[in-house]
1. Show me, for the range 93-109, the HN-Hα J-couplings you get by feeding each phi into the Karplus relation (A = 6.51, B = -1.76, C = 1.60, θ = phi - 60°), rounded to Hz, glycine and proline as x.
2. Going by C-beta contacts inside 10 Å, put Met97, Met124, Met243 in order with the fewest on the left.
3. Check the straight Cα-Cα distances from Lys66 and name the aspartates and glutamates below 17 Å, setting aside those fewer than 8 residues away within the same chain.
4. At most 11 other Cβ atoms within 10 Å and a DSSP loop assignment: could you name the trypsin sites (Lys or Arg not before Pro) in the range 134-243 that fit?
5. Hey, how many Å between the Cα centroid of the range 96-119 and the Cα centroid of the range 1-80?
6. As I understand it, the value is the acute angle between the Cα axis of helix 148-168 and the longest principal axis of the Cα atoms of the chain; what does it come to in degrees, rounded to 10?
7. Checking the cross-link filter: which aspartates and glutamates have an alpha carbon closer than 15 Å to that of Lys198, excluding same-chain neighbours under 8 positions apart?
8. Loop-only trypsin sites (Lys or Arg not before Pro) in the range 1-92, please: DSSP not H, G, I, E or B, and at most 13 other Cβ atoms within 10 Å.
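What follows draws every value from the coordinates through simple rules; no lab data is involved. Fair warning: this is a prediction, and the values are worked out from it, not measured in the lab. Glycine gets a Cβ as well: all are built from the backbone with ideal geometry, and neighbour counts include every protein chain shown.
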Amino acid sequence: MTKHKRVAVVTGGTRGIGAAISSALHAEGYKVAATYAGNDKAAAAFSEQTGVATYKFDVSKFDACKENLAKIEKDLGPVEVLINNAGITRDGFLHKMTQAQWHEVMETNLDSVFNMSRLVIEGMRERGFGRIISISSINGQAGQAGQTNYSAAKAGIIGFTKALALEGASKGITVNAIAPGYIETDMVRAISPEVLEKIVAKIPVKRLGKVEEIAHMVVFLASDASSFTSGATFNLNGAQYLM
């Protein structure tokens, strides 16, 4: 258990990997705020099941982040742990990709990391403690055809993490990224069995990752035990991509 109930915000925190992260932090004693963009039914079900507070807003919009982080801090207290997990895909080959497909992904997947981190970093610096953990992707490292937008955004998270880690190091703030491979989520389970079989065949451990495995890493990185760990990207991909 944590020494005291620190406040943790998880963007995209009511479904998939985000839900697992929110649940794991809640189980460790954190006061968790899980944000979501649109699925009210899933958010309500998640909150009822776990007791985690949920907040609906668009993390790609700075003003919305500012307004809702103020609500979270009023309800729960100063944000000491931030998990940047929110993400979308708008896949398509570049020669067919629209500006809207590009900007939607960059705004939700990368601009949100700036928005949320910018709004909590000053408080973290003043208090001399902070944990910022952002969810990147194997496709931000290795690339993926049909995902120039997504791969660029997820690669950007890694660069952002390294730079902010240097800025926060003397202030008790650690900044890390996690780059999951193929994880067993609803989105992945929706892939046809034939295609999924080919994906798993390329993973050396011969299985998909579990959302709980990502959550366990987040719990460590959020803890006091990780105070010497900063600026790192953790590959949780079953040895599919090594760097």
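1. Calculated HN-Hα couplings, in order: 5, 4, 5, 10, 6, 8, 4, 4, 4, 5, 5, 4, 5, 5, 5, 6, 8 Hz.
2. So the residues, fewest neighbours to most, are Met243, Met97, Met124.
3. Asp58, Asp75, Glu80, Glu107, Asp111, Glu122
4. In loop regions of the range 134-243 (DSSP not H, G, I, E or B), the sparsely surrounded trypsin sites (Lys or Arg not before Pro) are Lys206, Arg207.
5. 20
6. The angle comes out near 30 degrees.
7. Partners found: Glu184.
8. Counting only loop positions with at most 13 other Cβ atoms within 10 Å, the trypsin sites (Lys or Arg not before Pro) in the range 1-92 are Lys3.
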